[in-house]
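Asker: Before I ask anything, here is the structure I am working with.
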Amino acid sequence: MVTLAEVAQHAGVSASTVSYVLSGKRSISATTRQRVEESIRKLGYHPNAGARALASSRSNIIALMIPLRTDMYVPVMMEIAIAVAAGARTHGYDILLLTDEEGPDAVRRVTGSGLADAMILMDVELDDERLPLLREGGSPGRARSGVADDQPSVLIGLPADTTGLTCVDLDFRATGALCVEHLAELGHRDIAVIGEAPAVYERHTGFAERTLDGLRTRARELKLRLLHRPCEGGYDAMAATLARIFDERPDTTGFVVQNESAIEPLLALLRQQGRAVPEDVSVVAICPEQVATQASVRLTSVALPAQEMGRHAVEQLVAKLGGRGSDEVVLLAPELTVRASTGPAPVRP
């Protein structure tokens, strides 16, 4: 293993100069810095993480809190996580992945132990119990409850109150409105929303609640009838949900689906009932692009910009670590792509 002293000898400088180049604690001339960095590359030197953390008071690690729940579509969560990890590496940070449902205890453990320099939180609820700790950690002079006062954080998701927080998310309220508008333009007057599992709404998860608010608000404005039914996903649950929808609203011709595991069962059940897509019913999905394009009927959809959300979160966090960032909310505008699953509402005899 190459040592710091060997790098110093190769570059013709002192060991302390190499240390200053790595930590950035002192100003080093551009020529000397370039010579040291070239020696590091040639020799393949990797500074000891523990020693570097002690020297710089930084771990160069970002904690990513991503509770992996059975009622969430894990591939989307992991796509965001991969985008965060890739973005972090470009800035010299590694990722500490926390997947348990620990809530505030996880925030306290990370900040209290100095495991990470900053945090990114996912699966954000409207009244997320982690938020008071984050607000304390982001406000100098207000450290309490074992939370450091210089621990920057970014949320991938939007709580009800964003005061003192930095957030990035798809604009799910606008997403819901966009889906309703598309179906309304095609003449659909009765719309059913097949939502996430009931537990997602019971937790008041931000993305699901905001989508539903956008759907309902725009439907009211356009004088459409809208029915929302949560669904566990899977064939049996979808069969029961669909039967209930047509029992309660037999004239339903438009569907909005925000539940990846319900998409294929829904399409299969519609075929079995002799309801053609899009001639008899239209289906719009809020889902990853890959799910929409690989469905048995190519779905009109609003894609989830996982890569963009992950990249924005890292950029915001790195800016805060560098003392350049500020509390702000970044909402990504939704884009609806029309495919084969939506068409004009059928003419009633």
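The values are calculated or read from the model by the stated rules, or taken from the named source; none is laboratory data. All values reported here derive from a predicted model rather than from experimental measurement. Cβ placement follows ideal geometry from the backbone for every residue including glycine, while neighbour counts extend to all protein chains displayed. Surface areas here come from the heavy atoms of the whole protein model, side chains and all, with no ligands, DNA or RNA. Shrake-Rupley method; radii C 1.70, N 1.55, O 1.52, S 1.80 Å.
Asker: Which residues, counting only those in the range 163-179, are under 16 Å from the mean Cα position of the chain (by Cα) and assigned to a loop (DSSP other than H, G, I, E, B)?
Answerer: From the range 163-179, those under 16 Å from the mean Cα position of the chain (by Cα) are 165-173, 175; that's our starting set.
Of everything in the range 163-179, those that are under 16 Å from the mean Cα position of the chain (by Cα) and assigned to a loop (DSSP other than H, G, I, E, B) turn out to be Leu165, Thr166, Asp171.
Asker: Condition check: touching a residue at least 12 places away in the same chain (Cβ under 8 Å), closer than 30 Å to Glu129 by Cβ and surrounded by fewer than 16 Cβ atoms within 10 Å (Cβ to Cβ). Does Thr175 satisfy that? Even if it seems obvious, please write down each step before you answer.
Answerer: On the way: touching a residue at least 12 places away in the same chain (Cβ under 8 Å): yes; closer than 30 Å to Glu129 by Cβ: yes; surrounded by fewer than 16 Cβ atoms within 10 Å (Cβ to Cβ): no.
For Thr175, the condition - touching a residue at least 12 places away in the same chain (Cβ under 8 Å), closer than 30 Å to Glu129 by Cβ and surrounded by fewer than 16 Cβ atoms within 10 Å (Cβ to Cβ) - is not met.
Asker: Shifting gears a bit: Please enumerate the residues belonging to the range 180-219 that are charged (D, E, K, R), open to solvent by 40 Å² or more (accessible area, probe 1.4 Å) and part of a loop (DSSP other than H, G, I, E, B).
Answerer: Step one: list which residues in the range 180-219 are charged (D, E, K, R), which gives 181, 185, 189-190, 196, 202-203, 209-210, 213, 216, 218.
Next, from what is left, pick out any that are open to solvent by 40 Å² or more (accessible area, probe 1.4 Å): 181, 185, 189, 202-203, 209, 213, 216, 218.
Passing the criteria: Arg189, Arg203.
Asker: List the number of the failed condition for Gly233; all other conditions in (1) touching a residue at least 40 places away in the same chain (Cβ under 8 Å); (2) over 24 Å from Leu158 (Cα atoms); (3) under 26 Å from the mean Cα position of the chain (by Cα) hold.
Answerer: Checking Gly233 against (1) touching a residue at least 40 places away in the same chain (Cβ under 8 Å); (2) over 24 Å from Leu158 (Cα atoms); (3) under 26 Å from the mean Cα position of the chain (by Cα), the one that fails is (1).
Asker: Scan the range 12-31 for residues that are more than 20 Å from Gly92 (Cβ to Cβ) and surrounded by 15 or more Cβ atoms within 10 Å (Cβ to Cβ) and jot them down. Outline the logic, then answer.
Answerer: Going residue by residue through the range 12-31, those that are more than 20 Å from Gly92 (Cβ to Cβ) are 12-16, 29, 31.
Val13 - this is the single residue of the range 12-31 that is more than 20 Å from Gly92 (Cβ to Cβ) and surrounded by 15 or more Cβ atoms within 10 Å (Cβ to Cβ).
Asker: Take Thr70 and tell me if it is more than 28 Å from Gln258 (Cβ to Cβ), open to solvent by 60 Å² or more (accessible area, probe 1.4 Å) and out of contact with any Phe, Trp or Tyr (no Cβ under 9 Å at 6 or more places or on another chain). Walk me through it before giving the result.
Answerer: Working: more than 28 Å from Gln258 (Cβ to Cβ): no; open to solvent by 60 Å² or more (accessible area, probe 1.4 Å): yes; out of contact with any Phe, Trp or Tyr (no Cβ under 9 Å at 6 or more places or on another chain): yes.
No; evaluated as a whole, the condition is false for this residue.
Asker: With Val318, Val284, Val314, Val302 as the choices, which residue is within 28 Å of Asp169 (Cα to Cα) and touching a Leu at 6+ places or on another chain (Cβ under 6 Å)?
Answerer: Values: Val318 fails: touching a Leu at 6+ places or on another chain (Cβ under 6 Å); Val284 fails: touching a Leu at 6+ places or on another chain (Cβ under 6 Å); Val314 fails: touching a Leu at 6+ places or on another chain (Cβ under 6 Å).
Only one candidate qualifies: Val302.
Asker: Another question, if that's okay. When the residues of the range 305-349 are narrowed to those that are in a loop (DSSP other than H, G, I, E, B) and within 20 Å of the chain's Cα centre (by Cα), which ends up surrounded by the fewest Cβ atoms within 10 Å (Cβ to Cβ)? Give the derivation first.
Answerer: From the range 305-349, those in a loop (DSSP other than H, G, I, E, B) are 305, 322-328, 333-335, 338-349; that's our starting set.
The next check asks that each one be within 20 Å of the chain's Cα centre (by Cα); those that pass are 305, 325-328, 333-335.
Details: Pro305: 21, Gly325: 16, Ser326: 8, Asp327: 16, Glu328: 13, Ala333: 10, Pro334: 22, Glu335: 12.
Among residues in the range 305-349 that are in a loop (DSSP other than H, G, I, E, B) and within 20 Å of the chain's Cα centre (by Cα), the one surrounded by the fewest Cβ atoms within 10 Å (Cβ to Cβ) is Ser326.
Asker: When you go through Ile40, Ile62 one by one, which is the residue that is farther than 30 Å from Cys231 by Cβ and either small (Gly, Ala, Ser) or at pLDDT 90 or above (or both)? Break it down stepwise before answering.
Answerer: Working: Ile40 fails: either small (Gly, Ala, Ser) or at pLDDT 90 or above (or both).
Sole residue among the options that is farther than 30 Å from Cys231 by Cβ and either small (Gly, Ala, Ser) or at pLDDT 90 or above (or both): Ile62.
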